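Written below as structure tokens is the structure these notes are about.
The values are calculated or read from the model by the stated rules, or taken from the named source; none is laboratory data. Being a predicted model, the structure only gives us computed values, none of them experimental. Cβ coordinates were reconstructed from backbone atoms using ideal geometry, including for glycine residues, and neighbour counts include every protein chain displayed. Accessible surface is based on the protein model in full, side chains and every heavy atom, while ligands, DNA and RNA are left aside. Shrake-Rupley method; radii C 1.70, N 1.55, O 1.52, S 1.80 Å.
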Amino acid sequence: MSERPDNTTPHEAAARGPLLLSTWSFGERANAAAWPDFSAGGSALDAVEAVTVFCDEDPGIDSVGYGGLPDRDGDMSLDGCVMLSPEQCGSVCAVRKHLHPVRIARLVMDRTPHVMLAGEGADEFASAHGLPEQPLLSPEAKKAWQVRQAQGGGDSSDVRPVDGDPDGALFKDQEDRWRNNHDTIGVLGLDDQGRLAGACSTSGMPWKVPGRVGDSPIIGHGLYVDPHGGAAVATGTGELVMAICGSFLAVEQMRSGAMPQDAIREVLERIASRSDLQANHQVALIAIRPDGHWSSGALRPGFRLAFSDGSGHHTMDPAFVQLPGT
Ligand code: ASP
């Protein structure tokens, strides 16, 4: 991990592409993997897909793709989406046999008149387009599920997403890490031709009720991109984001002239004002305008993001935390 030397962030400063913004500190190594092609003139769409594919494949990232934590019954299902504009978006959810939901979502976007495929249909579509079936549950993730079972099992209602920094410093021990895992790679890209793209890939909340789908694969909830307004991506407790169309709301604010930080604040204020907010609830967003102004914010402490531009790859805290000290 590299911090910006002076500990400042470029939040709210306009930046020209190429630029990648990813949720959580593991986004830094994924951004770095996608960077050579992206900085050589690659499209934002290819770059955001590459970032998610990297995370899906890395078993050390225990919240996305292979290595992600399973549902309450020990089974894996993956969700993801990709978006260029309201006319160009694709999504899949409850995928059980294929590792890269964003790759399938891109095929849905490019090769069908639809936006979203679910479950068996999504897996069949992926196979029909030549994507290989792969195991999704890693031995480590299975062990984590077994430990949880031994402790009585249960669903994700006690999970609070916290950044899983590589040295694990934010966790008391491995069980604490599994409990407070985070779950989505959300990435926004602005390329050197000024094109915006976004993608999300997730194994969903750990220990979720089987069949549960969160915000991440749903256009307008976990991700929204409008070339005239900007792009926003969310992570955290998906149910809170889904209740207010969080990413769409952020982009609509920017479309009306708001700076990214104010747009995110509006979203988080609505969530923070809920009467049923639980201590384990967390939501964080990253947003960028077409002119390159970008920002990020989180409901509670514990979120970090990865920022990459010509200066390198940086992990940083969000510009603000809505409920500090909670
Ligand atoms: N938003 C994801 C979900 O609810 C989880 C996460 O981003 O941590 O499935």
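Values for this structure:
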item: Residue match in segment 283-294 (condition: part of a loop (DSSP other than H, G, I, E, B) and touching a Ser or Thr at 6+ places or on another chain (Cβ under 9 Å)); result: no
item: Number of positions in segment 295-326 that are within 16 Å of the ligand (Cβ to nearest atom) and in a strand (DSSP E or B); result: 5
item: Close pairs from segment 226-245: first within 20 Å of L45 (Cβ to Cβ), partner within 9 Å of the ligand (Cβ to nearest atom) and β-branched (V, I, T), Cβ under 6 Å, at least 6 apart; result: A234/V241
item: Those residues of segment 222-247 which are more than 9 Å from the ligand (Cβ to nearest atom) and part of a loop (DSSP other than H, G, I, E, B), in sequence order; result: P227, H228, G229, A243, I244, C245
item: P217 being under 11 Å from G186 (Cα atoms), in contact (Cβ under 8 Å) with a residue 12 or more places away in the chain, under 16 Å from the mean Cα position of the chain (by Cα) and outside any strand (DSSP E or B); result: yes
item: Filter result for A258 (small (G, A, S) and either open to solvent by 40 Å² or more (accessible area, probe 1.4 Å) or away from the ligand (no atom under 16 Å from the Cβ) (or both)); result: yes
item: Residue in segment 289-321 that is surrounded by the fewest Cβ atoms within 10 Å (Cβ to Cβ), counting only those that are among the aliphatic types (A, V, I, L, M) and closer than 18 Å to S247 by Cβ; result: A319
item: Restricting segment 63-89 to residues that are within 12 Å of the ligand (Cβ to nearest atom) and among the charged types (D, E, K, R), the residue that is farthest from L190 (Cα to Cα); result: D71
item: Tally of residues being part of a loop (DSSP other than H, G, I, E, B) and open to solvent by 50 Å² or more (accessible area, probe 1.4 Å) across segment 270-282; result: 6
item: Condition met for T9 (open to solvent by less than 10 Å² (accessible area, probe 1.4 Å) and either modelled with pLDDT under 95 or within 16 Å of the ligand (Cβ to nearest atom) (or both)); result: no
item: Complete set of residues in segment 188-217 that are surrounded by fewer than 24 Cβ atoms within 10 Å (Cβ to Cβ) and either under 14 Å from M116 (Cβ atoms) or among the polar types (S, T, N, Q) (or both); result: Q193, V213
item: Inter-residue pairs, beta-carbon under 9 Å, first basic (K, R) and in segment 269-283, second within 16 Å of the ligand (Cβ to nearest atom) and outside any loop (DSSP other than H, G, I, E, B), 6+ apart; result: R270/G246; R270/L249; R274/L240
item: V267 vs. criteria aliphatic (A, V, I, L, M), open to solvent by less than 50 Å² (accessible area, probe 1.4 Å) and in contact with a Phe, Trp or Tyr (Cβ under 8 Å, 6 or more places away or on another chain); result: no
